[in-house]
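The values are calculated or read from the model by the stated rules, or taken from the named source; none is laboratory data. Model, not experiment: these values are computed from the prediction. Cβ sites come from the backbone with ideal geometry, for glycine too, and all protein chains shown count toward neighbours.
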Amino acid sequence: METEEILLDYIHRWFMIYRPELDLRKNEAERIFKEIQQELNLDEVDKQFTQEIDGKVYSIEGAREAKYSIIREYLDEVYFSPTNQVCMEVAEEREFYHTTEYMKDLGFLYYEEMEMFIEVVKKSEWFKEYEDTKELLTNEEFRNKIRQLFRDRKWNNFLPVREEEPFDPTIISAYPPRKD
């Protein structure tokens, strides 16, 4: 796979994870990639990670990783939403962790539910009191409201109820009751 395609996939996945409510398509990821290329001149990174030996140009390992980190920093700076980050962090807390992991195992369900949850948060009346700035990352009152909204929306109800085997009285236990 060509480096540009890999970076486009990276941008697309970043938006799926950190900004699911934007529902970014591949062609929009291309537009953002071109925007990043123009602003940050990613071709210069290639020049830094090449070496000329006997008239031949060789690539040095690390160019792709350097581009990843440059793109990640740019996306975090320009497109990052603290509200989304807090929602994802709260979903990973102990109270909601098992449901979140189950939904991630299913794949699409987690992203769809998180997208809807973030929309509900941003449209709620109490959210209007806050600005979507980095101060939200440390605002405990905001986190408590997000936790309560997870509870109100019954986030943990997404876990399937385990069916227990019915008790079978014909099974003899390996440890019979003591007759003391």
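Determine whether residue 131 is on the phi < 0 side of the Ramachandran plot, outside any helix (DSSP H, G or I) and free of Cβ contacts under 8 Å to residues at least 24 places away in the same chain.
Numbers: on the phi < 0 side of the Ramachandran plot: yes; outside any helix (DSSP H, G or I): yes; free of Cβ contacts under 8 Å to residues at least 24 places away in the same chain: yes.
So residue 131 passes the test.
Any residue at all in the range 15-31 that's at pLDDT below 85, closer than 30 Å to residue 144 by Cβ and of a type in the set (Val, Ile, Thr)?
Yes; the residues of the range 15-31 include at least one that is at pLDDT below 85, closer than 30 Å to residue 144 by Cβ and of a type in the set (Val, Ile, Thr).
If we scan the range 18-41, do we find a residue that is more than 25 Å from residue 119 (Cβ to Cβ) and either assigned by TED's automatic domain parsing to the domain that holds residue 109 or β-branched (Val, Ile, Thr) (or both)?
There is at least one residue in the range 18-41 that is more than 25 Å from residue 119 (Cβ to Cβ) and either assigned by TED's automatic domain parsing to the domain that holds residue 109 or β-branched (Val, Ile, Thr) (or both).
Which residue is surrounded by the fewest Cβ atoms within 10 Å (Cβ to Cβ), if the candidates are limited to the range 123-135 and must be under 15 Å from residue 87 (Cβ atoms) and at pLDDT 90 or above?
123
So, of the residues in the range 137-168 that are within 16 Å of residue 121 (Cα to Cα) and among the acidic types (Asp, Glu), which turns out to be modelled with the lowest pLDDT? Working first, answer last.
Step one: filter the range 137-168 for residues within 16 Å of residue 121 (Cα to Cα), giving 137, 139-155.
The next check asks that each one be among the acidic types (Asp, Glu); those that pass are 140-141, 152.
Numbers: 140: 96, 141: 95, 152: 92.
In this case the residue turns out to be 152.
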